[in-house]
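A quick write-up on the structure given underneath.
The values are calculated or read from the model by the stated rules, or taken from the named source; none is laboratory data. Given the structure is predicted, the values throughout are model-derived calculations rather than measurements. Every residue, glycine as well, gets a Cβ built from its backbone with ideal geometry; the counts of neighbours run over all protein chains shown. We work out accessible area using only protein heavy atoms, side chains counted, and drop any ligands, DNA or RNA first. Shrake-Rupley method; radii C 1.70, N 1.55, O 1.52, S 1.80 Å.
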Amino acid sequence: MSAHGPLGATPQSGTFEFESSALRARTAAARQRVGLLALSGLVLTGLLISVSAAHTAQLLPESVRPVPRYLAGPFGGAALDLHSYGLVVVLVAMYACYVLAVRAAERLSARVVLMTIAALYALVLLAPPMLSTDIFSYGAYGRMGTLYGANPYLHGPAAISLDPVYPFIGAKWVTIPSAYGPVFTALSYVLAPLSVASSVLAYKALATLASLATVAIVWNAARWRGVDPVKAAALVGLNPITVIYGVGGGHNDILMIAAMMAGVYAILQHRDRAGGGLLSVATGIKLTGFVMLPFAIAGGALRRTGRRDIVVGAVVVAALVMALSFALFGTGPLHLPATIHTSQSEGDWHSVPGFISSRLGLGTIGRITGILLAIGCVGVICWLVRRVWRREVDWIDGAGWATVAMLVTASSLLPWYMAWLMPLAALTSDRRLWKTSIVLTGVVQLIELVGYIPHGGSLGL
């Protein structure tokens, strides 16, 4: 009588396989529990930050301290103050929960992950404007053109110093004209008649909807790319910097990213002219969106007419944007490059050149470092485009690594800039880019945390 069981398996091997399956099942269940706890932690930390924002000085721009009742939002009456170290603990916990949630996302249900994302965005939408005065600058540029007849590309908000929005603008930005694309500035004209409070809510709502749209686009694009859509959505939608700094501050970067990713998705679906046009719209919102276009064009070589159609779509929409721009702002947008250079030079110690200049007191060396890093960034981007053109690198991977280069070499590294990278990392076929996006999120968050500690900004770290 044979000692072997079915299919030739010995009793010992069958037992081993059963035990291995049981171990894998227990490991999967444990990871799922950790993921669910991490999602709960994200909602809890998001709730703490949103409820305390009106009374925690570190979460409010200096120009909004103390926050007026009409800007405090529905949580304004909570009177909860996390103070410096409490805020640091909450943000560290939020990042840790994010990492655990992303690692466990493949074991979590799509509904739970998406509901967590929606809950986080709803919470920060109800909070006051957090951590930046940009949202007030948006309103000021719109009001300059519609209510006062001043060109926002030629004058800073100081031109309307008697307007109700002026006191909320950051001191170092009052003389700087708009550094944003004409599509976004035209949108700010539409919202200009709103009160200060209604304007803040409108811009935050736009950022919230744009971020949710980006998550939806990434979800669908991940399927086309053969990537786990739940994990991709978690990487983008649960990112604490995107949630707190990007959506919480109502930044137009989120709107630019939504248009950019819509263009990427259209190209993945072989709707190349629409994709090229959407990438031009993204550039018209904020010029950073242009970086995606050369990679899309280079990657379009994979189809016979792809490259040509992307160029046609981009050029047609760019011409329409230019026509709109000249109709509304005349030659004002031609000053954008100089304005962007000026606004970037206003950065602080958070970037490499800024740290050298402001913390080490080596202004000349800091400026030279900034120039060398900018040249290096351009070189890296050109090299990556060439590799994509030669089909040595996937075009989305190439754009992702180019974005990493931009972030690392930026003269002014603001935390919500991390939102530029996350959707590209979510769709990548390069695991190194995925991991880099998570690590870089942690590094940027750590830099910000140093500034929240009393006298932390003066530390020579």
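Summary of computed values
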quantity: Failed item, numbered, when Gly139 is tested on (1) over 19 Å from the mean Cα position of the chain (by Cα); (2) farther than 19 Å from Ser195 by Cβ; (3) in a helix (DSSP H, G or I); calculated: (2)
quantity: Any hit, segment 165-177, residues being farther than 17 Å from Tyr203 by Cβ and either crowded, with 21+ Cβ neighbours inside 10 Å or in contact with a strand residue (DSSP E or B) (Cβ under 8 Å, 6 or more places away or on another chain) (or both); calculated: yes
quantity: Inter-residue pairs, beta-carbon under 8 Å, first touching a residue at least 24 places away in the same chain (Cβ under 8 Å) and in segment 202-229, second in a helix (DSSP H, G or I) and of a type in the set (Asp, Glu), 6+ apart; calculated: Asp228/Glu106
quantity: Residue pairs meeting the criteria (Cβ under 6 Å; at least 6 apart or on separate chains; first in contact (Cβ under 8 Å) with a residue 60 or more places away in the chain, in segment 89-100; second open to solvent by 40 Å² or more (accessible area, probe 1.4 Å) and of a type in the set (Asp, Glu)); calculated: none
quantity: Looking only at segment 337-352, and only at residues there that are at pLDDT 85 or above and either under 21 Å from the mean Cα position of the chain (by Cα) or surrounded by fewer than 19 Cβ atoms within 10 Å (Cβ to Cβ) (or both), the one that is nearest to Val183 (Cα to Cα); calculated: Pro337
quantity: Residue match in segment 2-9 (condition: open to solvent by 80 Å² or more (accessible area, probe 1.4 Å) and modelled with pLDDT of 90 or more); calculated: no
quantity: Qualifying residues in segment 225-244 (those that are more than 19 Å from the chain's Cα centre (by Cα) and not in a helix (DSSP H, G or I)) - the one farthest from Lys435 (Cα to Cα); calculated: Gly226
quantity: Tally, over segment 189-208, of residues that are farther than 14 Å from Asp253 by Cβ and under 20 Å from the mean Cα position of the chain (by Cα); calculated: 4
quantity: Selected residue (criterion: least open to solvent (accessible area, probe 1.4 Å)) from residues of segment 50-72 that are closer than 18 Å to Gly246 by Cβ, assigned to a helix (DSSP H, G or I) and not aliphatic (A, V, I, L, M); calculated: Ser50
quantity: Flag if Gly263 is modelled with pLDDT of 95 or more, touching a Gly at 6+ places or on another chain (Cβ under 8 Å) and of a type in the set (Gly, Ala, Ser); calculated: yes
quantity: Among (1) open to solvent by 20 Å² or more (accessible area, probe 1.4 Å); (2) aliphatic (A, V, I, L, M); (3) in a helix (DSSP H, G or I), the one test that Val393 misses; calculated: (3)
quantity: Index of the failed condition, Pro157 passing every other in (1) open to solvent by 40 Å² or more (accessible area, probe 1.4 Å); (2) over 25 Å from the mean Cα position of the chain (by Cα); calculated: (1)
quantity: Some residue of segment 277-284 being modelled with pLDDT of 95 or more, under 19 Å from Leu424 (Cβ atoms) and either open to solvent by less than 10 Å² (accessible area, probe 1.4 Å) or basic (Lys, Arg) (or both); calculated: yes
quantity: Whichever residue in segment 73-108 is crowded, with 21+ Cβ neighbours inside 10 Å and among the small types (Gly, Ala, Ser) and, among such residues, is modelled with the highest pLDDT; calculated: Ala101
quantity: Answer from Ala192, Ala216 - the residue that is open to solvent by 30 Å² or more (accessible area, probe 1.4 Å), of a type in the set (Gly, Ala, Ser) and out of contact with any Cys (no Cβ under 7 Å at 6 or more places or on another chain); calculated: Ala216
quantity: Index of the failed condition, Ala258 passing every other in (1) open to solvent by less than 10 Å² (accessible area, probe 1.4 Å); (2) within 26 Å of Ala110 (Cβ to Cβ); calculated: (1)
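Yes or no, residue by residue, for (1) open to solvent by 40 Å² or more (accessible area, probe 1.4 Å); (2) assigned to a helix (DSSP H, G or I):
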position	(1), (2)
Ala262	no, yes
Tyr265	yes, yes
His270	yes, no
Ala298	no, yes
Arg308	yes, yes
Val315	yes, yes
Ala318	no, yes
Met322	yes, yes
Ser325	no, yes
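Residues checked against (1) over 19 Å from Asn239 (Cβ atoms); (2) polar (S, T, N, Q):
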site	(1), (2)
Val380	yes, no
Val408	no, no
Ser429	yes, yes
Val439	no, no
